[in-house]
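Peer 1: Okay, here's the structure, questions in a sec.
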Amino acid sequence: MAAPNHLQIAIPADQNPPNIHDHLESDHKVEEFDYSQRAPWLRAALLGANDGLVSIASLMMGVGAFKGDATAMILTGFAGLFAGACSMAIGEFVSVYSQLDIEVEQMKREKRSMAGVVNEENVGEKEKLPNPTQAAVASALAFSAGAIVPLLAAGFISEYKVRIGVVVAATTLALAAFGGIGAVLGRSKVAKSCVRVVVGGWMAMAITFGLTKLLGSSGLEM
């Protein structure tokens, strides 16, 4: 009686079976989010908020350096808020509308070059065209959100020196918060971003306060 045959297949040592963990890690790397896509809207939002915060805080510090009246300081801050929000909205609207015109004209040229052939990519790009009105509203709201911080901080304090200190403290905390939020959303270094934003805000307030104080000491009357 013949012995049964046993089929043996040799597996080379360098060909290991696929590892399910390696496959999952590969899929995870492919689906990793590109945080650079957040750069445009993140920059616009943080720029508007920081601009409102630093501009109004510096304006209030400048008025406070020359006149200790709380009413004048707060009214000046609100006037700066309204003017700044309108300026940001109009500037953003004009800028984005110019970008829209350029992109629309480019799409028209591409359509003519296709000689009537429907391009699905152009249809998708048309849906992603910038919205000037949306950009204007977002910019104005971002500016107002930053500007309201020093106004709220100074609105309930009558003592001059305390009011100045509270405005500086509230502005510093808000600047650090904005810098940290931007760093987290953009996946950059939080400490570095906070320090950069805070130091820039301090410089703006210090320069405004110092120059206004200098003008006041030179005999300029209001």
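Nothing in this text is a laboratory measurement; each read-out follows from the coordinates by a stated rule. What you see is a predicted model; the values in this text were computed from it and never measured. Virtual Cβ from ideal backbone geometry, glycine too; neighbours counted across all protein chains shown.
Peer 1: Which net charge results for the neighbourhood of M73, defined as the other residues with beta-carbon distances under 14 angstrom from its beta-carbon, given Lys and Arg at +1 and Asp and Glu at -1?
Peer 2: +1
Peer 1: So, one more: May I ask you to sort T171, T71, T133, T76 by Cβ crowding, counting other Cβ atoms within 10 Å and putting the fewest first?
Peer 2: Values: T171 26, T71 8, T133 12, T76 19.
Starting with the residue having the fewest Cβ neighbours, the order is T71, T133, T76, T171.
Peer 1: How many percent of the alpha carbon pairs in the range 40-211 exceed a separation of 22 Å?
Peer 2: Numbers: 7819 of 14706 pairs.
Cα-Cα pairs in the range 40-211 separated by more than 22 Å: 53 percent.
Peer 1: Note down the nm distance, to one decimal, between modelled labels 7 Å out along Cα→Cβ at D101 and at K128.
Peer 2: Each label point lies 7 Å from its Cα, and together they span 2.4 nm.
Peer 1: Calculate the FRET efficiency for S87 and M114 from the Cβ-Cβ distance with a Förster distance of 30 Å, rounded to the nearest 0.05.
Peer 2: 0.15
Peer 1: For L211 and E159, what does the FRET efficiency come to when R0 = 22 Å and r is the distance between their Cβ atoms, rounded to the nearest 0.05?
Peer 2: Details: r = 24 Å, r/R0 = 1.09.
Efficiency, rounded to the nearest 0.05: 0.35.
Peer 1: Here is a follow-up. Please go through the range 145-208 and write out the trypsin sites (Lys or Arg not before Pro) that DSSP classes as loop and that have at most 12 other C-beta atoms within 10 Å.
Peer 2: Sites meeting the loop and neighbour criteria: R187, K189.
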